[in-house]
Amino acid sequence: MNQSEEKIRIENVSKIFDIGKGNTIQALVDINLSVYNEEFVCIVGPSGCGKSTLLYLIAALDRPTSGRILVEGELVTKPNPKVGMVFQPDSVFPWLSVRDNVAFGPIIRGVPEEQVRWITKNYIEMVGLQGFENSLPRQLSGGMKKRVDVARAFANNPDILLMDEPFGALDAMTKEKLQIELLRIWDTERKTVLFVTHDLEEALVLGSRIVVMSRAPNTIQTVLDVPFERPRDLLLKTSTEFQQMRRQLWDLLK
């Protein structure tokens, strides 16, 4: 982590939703956070505490009611091609093959054809989908479609990747496989990642820091440094230090 290069700065951000008939919901309250170059920051918290809302504000898919967000020093007012996002639901294009899904972003950005072919091949191999290049999403399992989502996000070459519970709907074994794949890709690419999850073990396996949010008020309760060395694997979960930190997170959320 290079703290001399701040990638995201969130200053005094609050978000209120108008739900009609004079009623409102306070989704976020006075959020302050900095995320630095090459960090992998996980956000955990109870349902409804504003975790996903925060990602949507950073991606400029919505606007804060008050406060401001800066990405690489620039005020966020509209979607930024330097910021990619992976959602929990599958967002692959059902009418495109695996290859064409991964190639879509580079083509739209005007990347030369030969380079698009290299990028597409590289990320399909990186997520382990060799042999499925011509398959349509309906021919893939849920875990394979999520691999396509991840490959497509990285193929767009964002500086910052926002991931909103991307593995939340998967079975435990598939989720663990994709956690390891994501760690391997991140070790190679070193993107700045902000990753929302309900899974405390997932946050500890992946994160450099963990942002713990609270419910009512929907704000940041604390930020914990994750001390485990990289590269990581799932054997980390068996260590005493890992289980102690998991208990600490559980107590904070409870």
Positive-end residue of A153, P89, Q244, charge dipole of the chain with Cβ unit charges: P89
Cβ-based charge dipole, the stretch 2-123, positive-most Cα from V44, P112, I25: I25
Phi to ³J(HN,Hα) by Karplus 6.51 cos²θ - 1.76 cosθ + 1.60 over the stretch 239-251, Hz, x for Gly, Pro: 7, 4, 4, 4, 5, 5, 6, 4, 5, 4, 4, 4, 5
Simple label model, 7 Å out from Cα along Cβ direction - S34 to Q221, nm: 2.5
Residue-span extension gain [D187 to A60] - 0.36 nm each, minus C-alpha spacing: 43.0 nm
Rounded to whole Hz, the Karplus (6.51, -1.76, 1.60) HN-Hα couplings of the stretch 108-122, x for glycine and proline: 4, 7, x, 5, x, 4, 5, 5, 4, 4, 5, 4, 4, 4, 4
Interchain or long-range residues, amide H under 5 Å from E5's placed H: N37
Likely footprinting exposure, L61, L252, fewest C-beta neighbours within 10 Å first: L61, L252
Charge dipole magnitude, Cβ of K and R +1, D and E -1 - the chain, Cα centre, debye nearest 20: 480
Given charges at beta-carbon only (K, R positive; D, E negative), |dipole| of the stretch 154-238 in Debye: 140
Value of D in µm² per second that Stokes-Einstein yields for the stretch 1-131, Kirkwood Rh from Cα pairs, at 37 °C (0.692 mPa s): 189
Kirkwood hydrodynamic radius of the stretch 80-173, from inverse mean 1/r over distinct Cα pairs, in Å: 13.3
Residues whose placed amide H lies under 5 Å from that of M213, excluding near-sequence neighbours: V44, G45, Q221
Percent breakdown of C-alpha pair distances by 10 Å bin, ordered from the shortest bin, for the chain: 7, 30, 35, 22, 6, 0
Two-decimal Rg/Rh across the stretch 152-254, once Rg and the Kirkwood Rh are taken from alpha-carbon atoms: 0.95
GluC sites (Glu not before Pro) restricted to DSSP loop in the stretch 202-254 with at most 14 other C-beta within 10 Å: E229
S66 long-range amide H proximity, modeled H, under 5 Å: S14
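Read-outs: derived from the displayed coordinates by stated rules, not from any lab. Quick caveat, the model's predicted, so the values are computed rather than measured. Glycine also receives a Cβ, built like all others from the backbone with ideal geometry; neighbour counts cover every protein chain displayed.
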